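Accompanying notes for the structure given below.
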Amino acid sequence: QVQLVESGGGLVQPGGSLRLSCAASGRIFSIYAMGWYRQAPGKQRELVASSTSGGSTNYADSVKGRFTISRENAKNTVYMQMNSLKPEDTAVYYCNADLRTVGPSSRRDYWGQGIQVTVSS
């Protein structure tokens, strides 16, 4: 019913930049929030950044000042500009959307398939 498709990951050198994109599609009635999580090998999945429909944003302390989340509501798309990347940013990044679908439905979280970001020289 709902798909989240991520793009923009890859390999980058320390200090470099990447821009992740995530587009939500399907029978979407309303999106309440979109965001990005990441999971490094051997670690738990953690919130990186989120953005609500009201415009509020939230960032993990480790990325504040380096990452910027933004949304294009008309396209149900969320972006994350990642600058000054560090090796410790290496992880699989997952897009998340808190939304309600059209018709009899419940509000719940949806996840993308994940995209690899590797920061290495």
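The values are calculated or read from the model by the stated rules, or taken from the named source; none is laboratory data. Not measured: the values here are computed from a predicted model. Virtual Cβ from ideal backbone geometry, glycine too; neighbours counted across all protein chains shown. Ligands, DNA and RNA are excluded from the accessible area calculation, which covers all protein heavy atoms including side chains. Shrake-Rupley method; radii C 1.70, N 1.55, O 1.52, S 1.80 Å.
The figures follow:
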{"item": "Flag if Leu20 is under 14 Å from Leu85 (Cβ atoms) and either touching a Cys at 6+ places or on another chain (Cβ under 8 Å) or assigned to a strand (DSSP E or B) (or both)", "result": "yes"}
{"item": "Residues within the stretch 24-39 that are among the small types (Gly, Ala, Ser) and either buried (at least 17 other Cβ atoms within 10 Å of the Cβ) or farther than 29 Å from Arg100 by Cα (or both), tallied", "result": "3"}
{"item": "Selection count, the stretch 1-17, where residues are modelled with pLDDT of 95 or more and open to solvent by 30 Å² or more (accessible area, probe 1.4 Å)", "result": "10"}
{"item": "Long-range neighbours under 9 Å by Cβ, at least six apart or interchain, first residue closer than 17 Å to Lys75 by Cα within the stretch 1-16, second open to solvent by 50 Å² or more (accessible area, probe 1.4 Å) and of a type in the set (Asp, Glu)", "result": "none"}
{"item": "Within the stretch 33-72, considering residues that are of a type in the set (Asp, Glu) and in a strand (DSSP E or B), the one nearest to Gly112 (Cα to Cα)", "result": "Glu46"}
